[in-house]
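The values are calculated or read from the model by the stated rules, or taken from the named source; none is laboratory data. Everything numeric in this text was worked out from a predicted model, so none of it was measured. Heads up, the Cβs are rebuilt from the backbone with ideal geometry, glycines too, and the neighbour counts pull from every protein chain shown.
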């Protein structure tokens with residue numbers, strides 16, 4: 001089964017194609033763009049990299065937050081120069097969300113912008129990171145602090161790649177699917193995975209179409225991410241992105257209830273949805289709440305005070321100037337568990353449901 005989701009942005013429009021074997025249409029996409037050369041940056045074995053149909057430089061990459069730095073972007077741009085890549089050529093990413101972020105930023109900066117095609121190979125990248133044009137790298141001071149908006153020319157979400165993933169990588173992607181429940185996708189539990197991916201992408205495409213530059217409605221996509229990003233940093237990325245977002249989603253439900261925005265049953269629904277996907281729901285016992293709050297103050301939504309995307313009577317909205325004492329109180333009320341009991345806790349059967 002194959003699904004095509006358009007992202008309508010005028011002359012920057014493109015399609016996200018979801019389904020088995022769709023990576024093999026890469027050469028057709030490159031030909032349509034008129035590129036004569038391609039650089040493929042891949043975190044996957046060579047046999048999983050499709051033919052581009054043109055002269056190609058294949059560069060190795062490693063998925064993971066440790067490589068999501070300005071130094072990696074600089075190194076990639078240096079390789080582009082040595083290969084002779086021009087603005088009429090194309091860059092292709094083949095990897096997880098950190099690879100699409102880094103390669104997308106390198107493509108945005110090189111010659112002030114060269115076409116990029118994403119072949120996301122992790123569930124997290126397919127449902128979120130590869131779509132929408134956000135590119136970024138981390139600084140020691142925080143996550144995704146340096147970036148640019150650069151829309152891809154196509155996204156090929158080949159679900160065959162998912163068969164190569166460890167259970168924990170699948171789990172991380174389910175964290176992004178779980179949070180979609182609260183920002184307009186409806187209840188995706190029980191649907192086939194391809195349908196869950198397509199529904200998540202459709203939701204994101206609709207939001208990006210009305211707020212490409214993250215000036216308003218696009219904040220909804222950060223549901224669960226404010227605490228999630230802080231948890232990633234506070235644990236040295238021992239918690240994967242989707243795992244951290246899952247805990248952040250449970251927290252968002254509790255915080256919305258503490259602020260009187262939702263009733264107890266809606267807050268409990270956050271916990272039920274996250275549990276359904278086999279995701280962690282507790283804070284790591286080793287993490288200091290003071291550290292988490294300091295990191296959340298650095299979130300890009302925190303223009304003044306603390307800002308969170310929270311559920312409410314009119315659906316999810318960005319809520320600014322959330323009192324710090326309320327945040328501490330909700331954090332104190334969250335269940336705690338040792339780190340080693342949180343990471344990779346789901347069984348393969350729970351992950352693949």
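Quick notes
- Of all residues in region 188-196, none satisfies being in the same structural domain as residue 325 (by TED's automatic domain parsing) and either in contact with a strand residue (DSSP E or B) (Cβ under 7 Å, 6 or more places away or on another chain) or at pLDDT below 95 (or both).
- Residue 173 in a helix (DSSP H, G or I) and either surrounded by 24 or more Cβ atoms within 10 Å (Cβ to Cβ) or over 16 Å from the mean Cα position of the chain (by Cα) (or both): yes
- Identification of strands (runs of 3 or more DSSP E) wholly contained in region 32-110 with 3 or more residues that are surrounded by fewer than 21 Cβ atoms within 10 Å (Cβ to Cβ) yields 55-60.
- Enumeration of residues in region 111-133 that are surrounded by fewer than 24 Cβ atoms within 10 Å (Cβ to Cβ) and not in a helix (DSSP H, G or I): 113, 114, 115, 133
- Against the list (1) in the same structural domain as residue 26 (by TED's automatic domain parsing); (2) within 22 Å of residue 105 (Cβ to Cβ); (3) crowded, with 22+ Cβ neighbours inside 10 Å; (4) touching a helix residue (DSSP H, G or I) at 6+ places or on another chain (Cβ under 7 Å), the condition residue 150 fails is (3).
- Of the listed requirements (1) within 19 Å of the chain's Cα centre (by Cα); (2) over 30 Å from residue 22 (Cα atoms); (3) not in a loop (DSSP other than H, G, I, E, B), residue 200 misses just one: (2).
- All of (1) farther than 17 Å from residue 2 by Cα; (2) touching a residue at least 60 places away in the same chain (Cβ under 8 Å); (3) part of a helix (DSSP H, G or I) hold for residue 161 with one exception: (1).
- Taken over region 268-280, residues that are more than 26 Å from residue 98 (Cβ to Cβ) and buried (at least 20 other Cβ atoms within 10 Å of the Cβ) amount to 1.
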